[in-house]
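The block underneath contains the structure these notes are about, expressed in structure tokens.
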Amino acid sequence: VGEGLVAWVDRVPHLVVYLVLGAGAAVQNVVPAVPADTFVVLGGFLAALGDLEARWVFLATWACNVASALAMYRLGHTHGREFFVSGWGRRLLNPHQMERLAVFYGRWGTLAVFLTRFLPGLRAVVPVFAGVTHQRAASVAVPLAAASAIWYGALVWAGTVAGHNLDRVLDVVRDVNLWLLAGALSAGGAAVTGWWRPRHHG
């Protein structure tokens, strides 16, 4: 598989490859099920065996991922309140819950944005609700960009040291993500509990 990918990279302009890797990393913020981390590791692997530059792989995947996350934040900022105030969005968040969410983001938002960039699933949701609660752009963009840089830098490095064991490295990344997903589910369960109680008990 590795040889086939390297051969493909040799046949197409490198800019196209960087754009494909960047798009793969960006889509996860819209469709959380997309395995964006695989694109990043794969880019590092191709940089190690082919002519790609690891720094450009990192910049392409990191910049595209951060840009799409901030786009979702902006979408939540401009249209989120309207969605939850009218229509079936009120079934998800009532005004009291919106106030509680705003208080949470006001107190813990920066830390929450930073930590959830390492958690599958939640990393796509948290920026949206940061926008819905009208958090300052800087308090979202800075921790988001910093955490994504740490995570993607580690993934690119893992790809570059993979050598011919790409499948093994992808397995390790998958296992790590499973553990992180377990943490995300635990945090999500706590969030659902926090959503349910004020809705049905006051």
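Return a yes/no flag: does region 101-108 have any residue that is within 23 Å of the chain's Cα centre (by Cα), at pLDDT 90 or above, closer than 17 Å to Pro127 by Cβ and not hydrophobic (A, V, I, L, M, F, W, C). Checked region 101-108: no residue is within 23 Å of the chain's Cα centre (by Cα), at pLDDT 90 or above, closer than 17 Å to Pro127 by Cβ and not hydrophobic (A, V, I, L, M, F, W, C). The set of residues from region 1-36 being open to solvent by less than 40 Å² (accessible area, probe 1.4 Å), modelled with pLDDT of 85 or more and assigned to a helix (DSSP H, G or I) comprises Val17, Tyr18, Leu21, Gly22, Gly24, Ala25, Ala26. Tell me, please, whether a residue that is modelled with pLDDT of 85 or more and surrounded by 14 or more Cβ atoms within 10 Å (Cβ to Cβ) can be found in region 80-89. No, there is no match, as no residue in region 80-89 is modelled with pLDDT of 85 or more and surrounded by 14 or more Cβ atoms within 10 Å (Cβ to Cβ). Residues of region 40-71 that are assigned to a helix (DSSP H, G or I), open to solvent by 60 Å² or more (accessible area, probe 1.4 Å) and modelled with pLDDT under 90: Leu49 alone. Taken together, the criteria place Thr133 among residues that are at negative phi, over 15 Å from the mean Cα position of the chain (by Cα), at pLDDT 65 or above and open to solvent by less than 40 Å² (accessible area, probe 1.4 Å).
Taken together, the residues in region 94-144 that are under 18 Å from Ala36 (Cα atoms) and part of a loop (DSSP other than H, G, I, E, B) amount to 5. Look at Leu111 and say whether it is closer than 23 Å to Asn29 by Cα, exposed (fewer than 14 other Cβ atoms within 10 Å of the Cβ), touching a Pro at 6+ places or on another chain (Cβ under 9 Å) and at pLDDT 85 or above. It is true that Leu111 is closer than 23 Å to Asn29 by Cα, exposed (fewer than 14 other Cβ atoms within 10 Å of the Cβ), touching a Pro at 6+ places or on another chain (Cβ under 9 Å) and at pLDDT 85 or above.
The values are calculated or read from the model by the stated rules, or taken from the named source; none is laboratory data. Keep in mind that this is a model prediction, so the values were computed, not measured. Counting neighbours? That spans all protein chains shown, and the Cβs are built from the backbone with ideal geometry, glycine included. Heads up: the accessible areas ignore ligands, DNA and RNA and are worked out on the full protein's heavy atoms, side chains in. Shrake-Rupley method; radii C 1.70, N 1.55, O 1.52, S 1.80 Å.
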